[in-house]
C-alpha cells in the first residue's frame, strides 16, 4: 500500500454559528496562519498542500471546494499536459470544441485561451502556497521549537523552495517574461515586478543549488517528497535549454548535474510499462527509475486531472480496447496520437511502442477529431503489476502516480 504524504491539507477555515437572537451570538472563531504555524506538527500538513496543488483543484473530492476560480476548474497537471501537448504530434484531441482545446490544437491560442489562462493561474497559486509556507518557516519563525523540530522544518523549507522553483520554471518556460514575487511580497499592495526570463533563470539557478543542500538524499528519501536529485534534475533541464531563456549556453553544467543524479544510485526500469501503472510507486527511489512522482491516490488525492485524465482520456467508448483493459470504469474518448509519432518507433521490437492500432489508420486524413484515425496510446493504466484493477469507479480517480522526474 502506498505510503501517503497527504495526511492532512490545512485550510484557513472560518467557523461561524448563526443565531436568531442577535444579543446571544456565538463568537466567530478563525484559524489564522499565526495559529496554524505556532504548532510544529502542522508544518508537514502545510507542506502537503504545496505538493497537492499539482494534482488537485480544491479541498474536496475531484476539485470540489475549489482553491481558485478558473475557466475550466481543473488541476495544475491537466492544464500543463494540455498546453504542452495539444499543439504537438503527441496529441490529437477528439473533443476540440467541447474541451475548449481547439486554439491549442491549431496553434492559434492567445492570453484569452482558457487553458493558457488557467495554467498561468495554477503556476502562481502553487507559488503563493510555497511563499506562505516560506514566510512562516524562517529561522526566526521556528526559533521557539526544539532543535529536532527546527531541523525537520528546515528540510520542509528546502522542499518548498524546490516546489516554488518548479512552478517558476514552468511559468518561465511557458510565458518567458513573468511577474516575480517571493515571501517578502506577502502583505504588500504593490504589484509584483515583471522580470525577464534570464533574470528568472538566475534566481532559479541559485535557489535550486542552495535548496538541494538541505533536501533528502536518495538513501533517506521519503515517498511523495522531492529528494535533492529532483532539484538536480530541474537544474540539468534548465541548463540544457538555457539559450531559450537568453541565459547563454550551459551544456557543461547540464552534464554535471545529470552526472550527480546518476551517481545518486537511481537505475533504469527493465519493464517500461511498469513505470506508468498503478504500482509505479514501487519504482520510486534509489535503485529505481522514478526520482520524484506526483502522488495520485483515489482515496486521498482524487483528481479529474493528472493521471486520471491521461488514463481515462486515452480510452474510447466506441473504438479500441475497453476501459477495463486499463483498470478504469469510464472511457472519456479524449485523445489519440498523430501518425508521425508511431513512425519513429520499431513497432515490432520496441517495448515503448505502446499503441493500439486495430481498426485505426495511422495518419489523419479527415481532421484530428475523427476517432478512427490515429492510434490510441496504451502506455498509462490503473492496473497493478499482477493485472488487477487498483481503483476507479464512476466517482473515483486512479492510483497511478505521475513521474515528474525519472
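The values are calculated or read from the model by the stated rules, or taken from the named source; none is laboratory data. Keep in mind the model is a prediction, meaning the values are calculated, not measured. Every residue, glycine among them, receives a Cβ derived from its backbone with ideal geometry; neighbour counts consider all protein chains shown.
Structure notes:
Residues are listed down the side, and each one gets a yes or a no for (1) surrounded by 20 or more Cβ atoms within 10 Å (Cβ to Cβ); (2) assigned to a helix (DSSP H, G or I); (3) within 19 Å of the chain's Cα centre (by Cα); (4) modelled with pLDDT of 95 or more:
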| residue | (1), (2), (3), (4) |
| --- | --- |
| 225 | yes, no, yes, yes |
| 233 | yes, yes, yes, yes |
| 255 | no, yes, no, yes |
| 261 | yes, yes, no, yes |
| 268 | no, no, no, yes |
| 274 | no, yes, no, yes |
| 293 | yes, no, yes, yes |
| 309 | yes, yes, yes, no |
| 313 | yes, yes, yes, no |
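- Among the residues of the range 328-350, those that are touching a residue at least 40 places away in the same chain (Cβ under 8 Å) and not in a loop (DSSP other than H, G, I, E, B) comprise 335, 336, 337.
- A single member of 370, 353 is outside any strand (DSSP E or B), within 25 Å of the chain's Cα centre (by Cα) and free of Cβ contacts under 8 Å to residues at least 12 places away in the same chain, and it is 353.
- Picking from residues in the range 180-195 that are surrounded by 16 or more Cβ atoms within 10 Å (Cβ to Cβ) and over 22 Å from the mean Cα position of the chain (by Cα), the one that is farthest from residue 127 (Cα to Cα) is 195.
- Residue in the range 242-256 that is at positive phi and out of contact with any strand residue (DSSP E or B) (no Cβ under 7 Å at 6 or more places or on another chain) present: yes
- Residues (closer than 13 Å to residue 179 by Cβ and not in a helix (DSSP H, G or I)) located in the range 189-222: 190, 191, 192, 193, 194, 195, 196
- Residue 132 vs. criteria over 24 Å from the mean Cα position of the chain (by Cα), over 25 Å from residue 247 (Cα atoms), modelled with pLDDT of 95 or more and assigned by TED's automatic domain parsing to the domain that holds residue 244: no
Condition check ((1) free of Cβ contacts under 8 Å to residues at least 24 places away in the same chain; (2) part of a helix (DSSP H, G or I)) across all residues:
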site	(1), (2)
107	yes, no
116	no, yes
121	no, yes
125	no, yes
141	no, no
150	yes, yes
154	no, yes
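- Looking only at residues of the range 70-121 that are over 27 Å from residue 366 (Cβ atoms) and touching a strand residue (DSSP E or B) at 6+ places or on another chain (Cβ under 7 Å), we find that the one that is surrounded by the most Cβ atoms within 10 Å (Cβ to Cβ) is 77.
- When the range 276-290 is filtered for residues that are crowded, with 17+ Cβ neighbours inside 10 Å, touching a helix residue (DSSP H, G or I) at 6+ places or on another chain (Cβ under 9 Å) and in a helix (DSSP H, G or I), the ones remaining, listed by number, are 276, 280, 283.
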